[in-house]
Amino acid sequence: MVLVSGKSILQKAKKAGYAVGAFNTNNLETTKAIIAAAVEMGAPIFLQLSSGALKYGGFELAGLALAFARKVPVPVAVHLDHGPSLELARECIGFGFSSVMIDGSALPFSANAKLTKAVAAIAHRKGVSVEAELGQLKGREDEVFSARHTYTDPTAAAKFVRMAGCDSLAVAIGTSHGAYKFKGPSGIDLRRLREIAAAVDVPLVLHGASSVPRQVVAVANKFGAKISNARGVPELQIRKAVRLGVCKVNEDTDLRLAFTAAVRKFLRENPSAYDLREILIPATEAMSEVIVRRINLLGSEGKA
C-alpha cells in the first residue's frame, strides 16, 4: 500500500461513520505493534510521531515509520502529532510525512488560524493533510501544556476552519492528556460535540481519549508499579463520540501502560533474563492487543 494522506483516510471514515485509530510511536517495538495490529485487523491507521518522539529517536525513527508504512497492505498516514511550529511542520513535510498537525491552540484565535493557514499552504502543495486544534485539553503533551480545559466553541470552530483551511480539527470537549483524566465523574461534553459537528464540514479529531484499561493498570501495579487513581475515557463515551462525528481518535497513554505492565511482569517472572529481545517481545504483543481492541471500538476493522 502506498503511503496515503490523512485527508484521504478521514474522508472515507466520515462518509461511512467510523473512526480511525491514531497511535503514537517512540521506538521500534511500538511501531511494530501498531503496524501488526493494523494488518491483522485490515484497518487504516495514523502512525504518529510527536515532537518529543523526534527529539528522542530523531528523524531516523520517522524513517522507520515511513518504511513500515510503505510496505504494508493497509492505508497508513505517517503523521506529526502536536507540531509546535511552522519550522518543524515544514521539516516533516519535506521528510515525507503524509499528514501533519500544527498545534496553535495556546495562541489567540487569529494567530492560531494564521499559523495553521501558513502550514496548510506548504502542506497542500505536497499533497499533505493538515490537522489543527481549537480549544485546549488539560494536561501535558510534550511541549504543549494547559492547566485547565478551554472548550471548543462551535461557532468559533466554523469560523476557524474557514480561515485556516485545515483538513481536520481537533476539538476540546472534556478529555485530557495522560492517565489521570478525571477526579469526579468521567464524562465528555457530547452535546457540545454534536453542535461542533453540525457547524463544521471537516472530520473531527479527539485527543486525550485513552481508556486507561483497568486490567492493564492492575497488571502493572501487581508487578511493582504505583499507578493509583488512573482513570480514562469510558469506551461507551468514545463509541458515542464516533457516532456524533469524530473520525480520528488518538492513542498513546494506553500503549505506554501496556508496555510498562508487560515488561514488569516478564522481568518479575524471569529474573535471570537480560536479552532485550526476550524482554521486549511480550511488550510489543501487549501493545498490539490494546491497539486491536481500540480498532474494534472505533469500527475501522476491515476498512482498509
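The values are calculated or read from the model by the stated rules, or taken from the named source; none is laboratory data. None of these values were measured; they are calculated from a predicted model. Ideal geometry is used to build each Cβ from the backbone, glycine not excepted, and the neighbour counts take in all protein chains shown.
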query = Among the residues of region 73-96, which ones are surrounded by fewer than 17 Cβ atoms within 10 Å (Cβ to Cβ) and in a loop (DSSP other than H, G, I, E, B)?
reply = Pro73, Ser85
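Taking Asn250 as the residue in question, decide whether it is over 28 Å from Lys15 (Cα atoms) and either surrounded by fewer than 19 Cβ atoms within 10 Å (Cβ to Cβ) or not acidic (Asp, Glu) (or both).
No: the conditions fail for Asn250.
Against the condition touching a residue at least 60 places away in the same chain (Cβ under 8 Å) and in contact with a Pro (Cβ under 6 Å, 6 or more places away or on another chain), how does Lys14 come out, does it pass?
Spelling it out, Lys14 is indeed touching a residue at least 60 places away in the same chain (Cβ under 8 Å) and in contact with a Pro (Cβ under 6 Å, 6 or more places away or on another chain).
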ask   = Can you find a residue in region 35-56 that is crowded, with 23+ Cβ neighbours inside 10 Å, of a type in the set (Phe, Trp, Tyr) and modelled with pLDDT of 95 or more?
value = yes
query = Is it fair to say Val4 is aliphatic (A, V, I, L, M), in contact (Cβ under 8 Å) with a residue 12 or more places away in the chain and assigned to a loop (DSSP other than H, G, I, E, B)?
reply = yes
message = Return the residues of region 279-304 that are acidic (Asp, Glu) and closer than 10 Å to Phe259 by Cα; say none if nothing qualifies.
response = Glu285
query = For Glu195, are the conditions met, namely being at pLDDT 90 or above and more than 18 Å from Met287 (Cβ to Cβ)?
reply = yes
request  = Would you be able to say whether some residue in region 97-114 is more than 26 Å from Arg191 (Cα to Cα), out of contact with any Gly (no Cβ under 7 Å at 6 or more places or on another chain) and either at pLDDT 95 or above or surrounded by 17 or more Cβ atoms within 10 Å (Cβ to Cβ) (or both)?
outcome  = yes
message = Please verify whether Asn229 is surrounded by fewer than 18 Cβ atoms within 10 Å (Cβ to Cβ) and free of Cβ contacts under 8 Å to residues at least 24 places away in the same chain, treating the condition exactly as stated.
response = no
message = What's the total number of residues in region 220-263 that are charged (D, E, K, R) and under 19 Å from Lys32 (Cα atoms)?
response = 4
ask   = Does Val216 satisfy the condition of being touching a helix residue (DSSP H, G or I) at 6+ places or on another chain (Cβ under 6 Å) and either modelled with pLDDT under 95 or over 23 Å from Lys159 (Cα atoms) (or both)?
value = yes
request  = Can you confirm whether region 226-238 contains a residue that is more than 27 Å from Ala77 (Cβ to Cβ) and small (Gly, Ala, Ser)?
outcome  = yes
remark   = Filtering region 1-25 down to residues that are surrounded by fewer than 22 Cβ atoms within 10 Å (Cβ to Cβ), in contact with a helix residue (DSSP H, G or I) (Cβ under 7 Å, 6 or more places away or on another chain) and closer than 14 Å to His79 by Cβ yields Leu3
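Only residues that are in a helix (DSSP H, G or I) and of a type in the set (A, V, I, L, M): list them for region 237-262, please.
Within region 237-262, Ile238, Ala241, Val242, Leu255, Leu257, Ala258, Ala261, Ala262 qualify.
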message = Just to be sure before I move on: is Glu289 part of a loop (DSSP other than H, G, I, E, B), in contact (Cβ under 8 Å) with a residue 12 or more places away in the chain, closer than 16 Å to Ala37 by Cβ and not basic (Lys, Arg) in the structure I sent?
response = no
request  = Being part of a strand (DSSP E or B) and aliphatic (A, V, I, L, M) is the filter; apply it to region 117-137 and report the residue that is farthest from the chain's Cα centre (by Cα).
outcome  = Leu134
